[in-house]
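What follows is a set of notes on a single structure, which appears directly below.
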Amino acid sequence: MNAEQYRAVIGWFNARPVAKMALRVVSRGAVALVYLSYLGMLAWLAWHRMGQFWPALVVPAAAFLVGTLVRKVIDRPRPYTALGFTPLFPKDKAGQSMPSRHCFSAAAIAAMGWYVLPPLGAVLAVLAVIIAVSRVVTGVHFVSDVLAGLAFGLVFAVAGRVAYIAAASALGF
């Protein structure tokens, strides 16, 4: 999206307070549901499938840490900084837009959820897409930031799970 498109979308929501409030609820609610589902999944795994608990914990945590470092290195300006507009919901961070941390975290969690219980993974994947769309619509990320975040989280989770299982097998776990 360009500056005019961001301004048009943000203007539309600002002119409709109920829609703006609904977007905020959906945006925050999707993030909360991903993290609450993740905590529930971890608790269930700890109780029922301890062998799957550790990769489900370690892989998304590692994705979060590595992704955060990648963001700092790239340090891409946020769209509202680069294009000179005010985001729908105030934000004070000027950089670290690429990849979207919300998106790569949600994608990594969704991928691990898929391995544990495919329907849970599918629901988490839908929530990750909702998060991605909301991050663009609110003006805090470029489309490329959220696509990179989703791809990074998914690829990292798949590769991380394979690496974790290979390492655990080599160590005799």
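The values are calculated or read from the model by the stated rules, or taken from the named source; none is laboratory data. Note that the coordinates shown come from a computational prediction; the quantities given were computed from them, not determined experimentally. When we count neighbours, we look across all protein chains shown, and the Cβ atoms used for this are built from the backbone with ideal geometry, even at glycine. In case anyone asks, the SASA skips ligands and DNA or RNA and just uses the protein heavy atoms, side chains included. Shrake-Rupley method; radii C 1.70, N 1.55, O 1.52, S 1.80 Å.
Hey, rough spin-label estimate for A3 and A43, points 7 angstrom out along Cα→Cβ, what's it come to in nanometres?
My value for the distance between the label points is 4.8 nm.
What is the mean projected area of the alpha carbon convex hull for segment 15-100, to one decimal in square nanometres?
Taking the Cα atoms of segment 15-100, their convex hull projects to 7.2 nm² on average.
Ignoring any ligand, DNA or RNA, what whole percent of the accessible area of segment 1-121 comes from carbon and sulfur when the probe is 1.4 angstrom?
Here carbon and sulfur together make up 70 percent of the probe-accessible area.
For the chain, what does -39500 (n - 2.57) per DSSP helix run (n ≥ 4), summed and divided by total residues, give at 222 nm, in deg cm²/dmol to the nearest 500?
Result for the chain: -27500 deg cm²/dmol, rounded to the nearest 500.
Can you give the three extents of the C-alpha atoms in segment 53-115 along their principal axes, from longest to shortest, in whole Å?
Principal-axis extents of segment 53-115 (Cα, largest first): 44, 24, 14 Å.
Go through segment 45-59 residue by residue and turn each phi into a ³J(HN,Hα) via Karplus (6.51, -1.76, 1.60, θ = phi - 60°); whole Hz please, and just put x for glycine and proline.
With the stated coefficients, segment 45-59 comes to 5, 4, 7, 10, 9, 4, x, 8, 4, 4, x, 5, 7, 6, 5 Hz.
Within segment 74-107, find all residues whose amide N lies under 18 Å from a label point positioned 7 Å from the Cα of A151 along Cα-to-beta-carbon.
74-77, 97-107
If the chain between M21 and V133 were fully stretched, how many nm would it gain, using 0.36 nm times the residue separation less the Cα-Cα distance?
Computed gain between M21 and V133 is 38.8 nm.
Over the chain, with the other protein chains present, what is the accessible area per residue in square angstrom, probe 1.4 angstrom?
Ligands and nucleic acids excluded, the result is 52 Å² per residue.
Using a simple charge model, +1 on the beta-carbon of Lys and Arg, -1 on the beta-carbon of Asp and Glu, nothing else, what dipole does the chain show about its Cα centre, in debye to the nearest 20?
Rounded to the nearest 20 debye, it is 320 debye.
Using only the C-alpha atoms of the chain, find the volume of their convex hull and express it per residue in Å³.
102
At most 16 other Cβ atoms within 10 Å plus a DSSP loop assignment makes a site exposed; report the longest stretch of the chain without any exposed trypsin sites (Lys or Arg not before Pro).
In the chain, the maximal stretch lacking such sites is 94-173.
Under 8 Å for C-alpha pairs, at least 6 residues apart: give me the relative contact order for the chain, rounded to a whole percent.
Computed over the chain, the figure is 28 percent.
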